[in-house]
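First comes the structure, then the notes that go with it.
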Amino acid sequence: MNQYKIYDEPLPGPYSNLAVNPIWPFIGVMFAGIWLSWTWFLINGMVVGSPTQRKESTWIIAGLLVSVLLVFAILWFVGLDILPKEYIKYAVLGLTVWQLGVTYVLFSLQSHTIELYEYYGGVLRNGLFVVVAAVLLGNWLFKDLPPLVTMVLT
């Protein structure tokens with residue numbers, strides 16, 4: 001028996017009551033960093049059963065890999081005296097633009113799913129508390145980590 005399937009239809013799981021509008025993880029990247037935002041996008045995609053979850057995961061992995069490569073490239077250029085130390089802040093701007101770009105792609109991918117989820121009766125939670133908690137706990141979480149890790153994740 002053939003079953004009718006809509007390919008862009010979300011398939012909410014048992015934790016769909018934790019779903020939030022993708023604007024909250026997007027705001028999370030601005031206030032806390034990619035550690036919060038990209039993890040949140042990943043979890044949000046799982047709880048609503050996003051049909052683009054594989055694409056979202058691929059973007060997150062690629063985003064992390066390129067972020068690590070950019071940090072090592074910046075440090076390598078500084079070590080070779082190609083990039084003077086006073087220009088590091090401009091090089092880090094490229095890292096920030098990359099991470100915001102990946103976050104925007106994740107936001108765009110999830111927005112379509114969330115709109116369908118809401119249209120068919122799904123309820124979204126307010127993510128403000130998570131963003132505020134992440135801002136307050138962020139410094140404590142990263143105080144003992146090496147600066148390279150902090151550079152990539154925040």
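Each value in this text was obtained by applying a stated rule to the coordinates, not by laboratory testing. What you see is a predicted model, and the numbers here were worked out from it, not measured in a lab. A quick note on method: Cβ atoms are made from the backbone with ideal geometry, for glycine too, and the neighbour counts reach across all protein chains shown.
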Inter-probe distance in nm under a simple model that places probes 7 Å from Cα toward Cβ, at residue 149 and residue 128
3.3 nm
Charged-residue dipole, Cβ positions (Lys, Arg, Asp, Glu), the chain about Cα centre, Debye nearest 20
140 debye
Note the full-extension length gain between residue 92 and residue 42 as 0.36 nm times their separation in residues minus their Cα-Cα distance, in nm to one decimal.
15.5 nm
Dipole axis of the chain (+1 Lys, Arg; -1 Asp, Glu on Cβ), positive-most option in 53, 151, 42
151
Tell me, what is the FRET efficiency for residue 68 and residue 11 to the nearest 0.05, using R0 = 41 angstrom and their Cβ-Cβ distance as r?
0.80
Report, in deg cm²/dmol and to the nearest 500, the calculated mean residue ellipticity at 222 nm for the chain, where each DSSP H run with n ≥ 4 adds -39500 (n - 2.57) and the sum is divided by the residue count.
-23000 deg cm²/dmol
By its C-alpha gyration tensor, with a ≥ b ≥ c as the square roots of the eigenvalues, how is the chain shaped: rounded for a/c under 1.5, else prolate for a/b larger than b/c, else oblate?
prolate
Listed highest first by mean packing, meaning other Cβ atoms within 10 Å per residue, what order do 47-56, 134-143, 114-123 come in?
47-56, 114-123, 134-143
Nearest-0.05 FRET efficiency for residue 80 and residue 58, computed from C-beta distance (R0 25 Å):
0.20
Pick from 103, 58, 113: which is most flexible by mean-square fluctuation in a GNM of the chain where alpha carbon atoms under 10 Å apart are linked?
58
Using per-residue counts of other Cβ atoms within 10 Å, averaged over each peptide, order 62-71, 82-91, 144-153 from highest down.
62-71, 144-153, 82-91
